[in-house]
Structure formats: C-alpha cells, structure tokens
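What follows is calculated from the coordinates using simple rules that are stated; it is not laboratory data. Keep in mind that this is a model prediction, so the values were computed, not measured. Note that each Cβ is placed from the backbone with ideal geometry, even for glycine, and that neighbours are counted across all protein chains shown.
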Amino acid sequence: MKVVTLTYKDVVDKVEKLILAIDFQPEVIIGVMNGAKFMINQFKQSEKFNTSYFIDTKLQRETEKVKKKKIVRVILKMLPYALLNRLRIIESKKVQSKIKNIDLVTLNNLSLTIENLPGIELKNILIIDDAVDSGKTLYIIQNQLMKKYPKAKIKSAVIAWTITESIVQPDYYLFKDTLVRYPWSKDFKS
C-alpha cells in the first residue's frame, strides 16, 4: 500500500475530477465532516450540482481522539514523512484486520440523526467524504438514509478508497488501495 500526500491545490484538482466522474444527479448531497468540509464547498460551486441541497453530518473514529491530543499533533509534525507513512500503513493494516469482525447487526441498530434532511421523499442522494477505510461511517449513514428514504438511490463519492475489503464500496473514487494524506490531516506538514 502506498501513501500519497496532497496539497490544497492537489485536492481542488482531485475534487474536480471526482465531480466530473459522477454521472448521477442527486437532490441532496451529504458531506461527512470533517473530511468533506473542503470538498463540499467545491461541490456547491459546481454548476453540475447547482440544484442539489447540501447537508453535513459527522461521525468520529476512536483513533481520531488520540490524534487530537496536542502533544500527539506536535510529535506527528516533527516526524519525517517516511516514518509517518509507515505509521499510516500500520494503522491501516490494523483496521483491515478488524473489518471481518465488524458486527453489521450492531451497526444496523445504531441511530444517527442527520440534521436538516428534507421531509419529502427523495429519489437520489449522494454522500461525499474524503476517504473510505473500514466503511463503517459510510455504512451507518447509508443505513440511516435507507430507513428514512427506502425508495431512494444512495450513492457515495470519495477521493480515496483505502481498503478494498471495506464493508461498503464507494460508487465513485479516484484512489484505490492508497492512503491519502490531506492538508487537514494531523500529520500534514505545511
């Protein structure tokens, strides 16, 4: 598995390519924060989605709690990319080894409130995020949307699909089997 580092300019270019690849006209686009925060602004500016309604939602992974500690962030900024890449690969392999043990029944029973969803029946919904790793976040969001809008087509678009064994496969992606370091990543060096 390789690691790619993207600057903000690179992300703008990648999001533009992702937008062009989407052959789906959603009524609603849901951005998964924090990863899609930068992306959703670009989607909003695209003429392709000028009739879409935009919503954001957030789920937090356990590993993010550790990375938010100030001392950890300082250490991550000091380490060379070669070592940070190794750490990313190790973390990804841990996630990959746990995928087969993910309890889908428990995930199905989780309740997530997505604020500001329209009360009308929707036909097409697009979920955007920067990456899919285990797929748990995307699975939970899709499951909640299917409960509320059982007749809707729900698709997803990400820049990176990092683990192909994820429990959900994104419909649109640019990188596969690749770990992407974004400008908003805790280990990105500006």
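In a DSSP loop and with at most 10 other Cβ atoms within 10 Å, the trypsin sites (Lys or Arg not before Pro) in region 123-166 are Lys151. Between amide H atoms placed 1.01 Å from N, distances below 5 Å from Asp56 occur with Gly31, all of them 5 or more places distant or on a separate chain.
Answer rounded, prolate or oblate for region 51-155, using the Cα gyration tensor with square roots of eigenvalues a ≥ b ≥ c: rounded when a/c is under 1.5, else prolate when a/b is larger than b/c, else oblate. Judged from the Cα gyration tensor, region 51-155 comes out prolate (a/c at least 1.5, a/b above b/c).
Look at (1) 0.96; (2) 1.04; (3) 1.28: the one that is Rg/Rh (Cα atoms, Kirkwood Rh) derived from this structure is (1).
In the chain, with Lys and Arg counted as +1 and Asp and Glu as -1 at Cβ, which of these residues, Trp184, Met39, Leu76, has the Cα nearest the positive end of the dipole, that is, farthest along it? About the Cα centre, the residue reaching furthest to the positive side is Leu76. Against the main long axis of the alpha-carbon atoms of the chain, helix 81-99 sits at an angle near 50°. At q = 0.16 Å⁻¹, what log₁₀ I(q)/I(0) does region 78-121 have when each alpha carbon counts as one equal point scatterer in the Debye sum? Log-scaled intensity ratios, in q order: -0.71. Can you give the angle from 0 to 90° between the axis of helix 136-148 and the longest principal axis of the chain, with both taken from C-alpha atoms, to the nearest 10? Tilt of helix 136-148: around 10 degrees.
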